[in-house]
1. Which condition number in (1) over 12 Å from residue 82 (Cβ atoms); (2) modelled with pLDDT of 85 or more; (3) not in a helix (DSSP H, G or I) is the one that residue 100 fails?
2. Given 102, 119, 115, which one is of a type in the set (Gly, Ala, Ser), over 25 Å from residue 68 (Cβ atoms) and over 31 Å from the mean Cα position of the chain (by Cα)?
3. Report whether or not residue 87 is in a helix (DSSP H, G or I) and modelled with pLDDT of 85 or more.
4. Under 7 Å by Cβ, and 6 or more places apart or on different chains, what pairs join a residue from region 130-152 that is at pLDDT 70 or above with one that is assigned to a helix (DSSP H, G or I) and not small (Gly, Ala, Ser)?
5. When region 103-127 is examined, which residues are found to be under 13 Å from residue 84 (Cα atoms) and among the hydroxyl-bearing types (Ser, Thr, Tyr)?
Amino acid sequence: MFAAITALISTGINAWSAHSKQKASLKSIEISAQHRLKQARIESQIRRAEQGDGSAISLDQLSFQHRGIKDDYLLIITTMPLLLLFTAPLFELVFTQSVYVAGDLTNAVMSGFNALQIAPDWYLVALALIYVDTFGFRRMLRSVIESRLGQWAGQSKKQ
């Protein structure tokens, strides 16, 4: 009877030990797989960034080769309101006041920035896109967009 109980306990311990070893082995395999998956994701992101930067550079080079008068004209037309926001107050200060008062120049420059704050969003976006296209800032634009998307994804996960 005692031998039968000892054998039963021994069998139970052996079964529990084998189960624990198998569970530890599976956990180790799972951790290893997660590590490889994270590493693959990071390598994939690096490859995409390198390919994207290369694509942006080649697009910029191609764009520079096909520059024409219409691109310069578009840049001048869209930049004109921006220039006027800052130069008009300065011209007004120089040509309409006979005496300069300390701080007038600062106020003139700040009025340009204040006007820029109330400029329509569509104008600022259009201006940014034209500058990106004209001066070849696609790579920088891509970085900005990716960081914004990352911020928005982080905010949506918190909500």
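1. (2)
2. Going through 102, 119, 115 in turn, just one is of a type in the set (Gly, Ala, Ser), over 25 Å from residue 68 (Cβ atoms) and over 31 Å from the mean Cα position of the chain (by Cα): 102.
3. It is true that residue 87 is in a helix (DSSP H, G or I) and modelled with pLDDT of 85 or more.
4. 130/74; 130/75; 130/78; 132/138; 132/141; 134/71; 134/75
5. 111
The values are calculated or read from the model by the stated rules, or taken from the named source; none is laboratory data. The shown structure was predicted, so the numbers you read here are calculated from the model rather than taken from an experiment. Neighbour counts run over all protein chains shown; Cβ positions are idealised from the backbone, glycine included.
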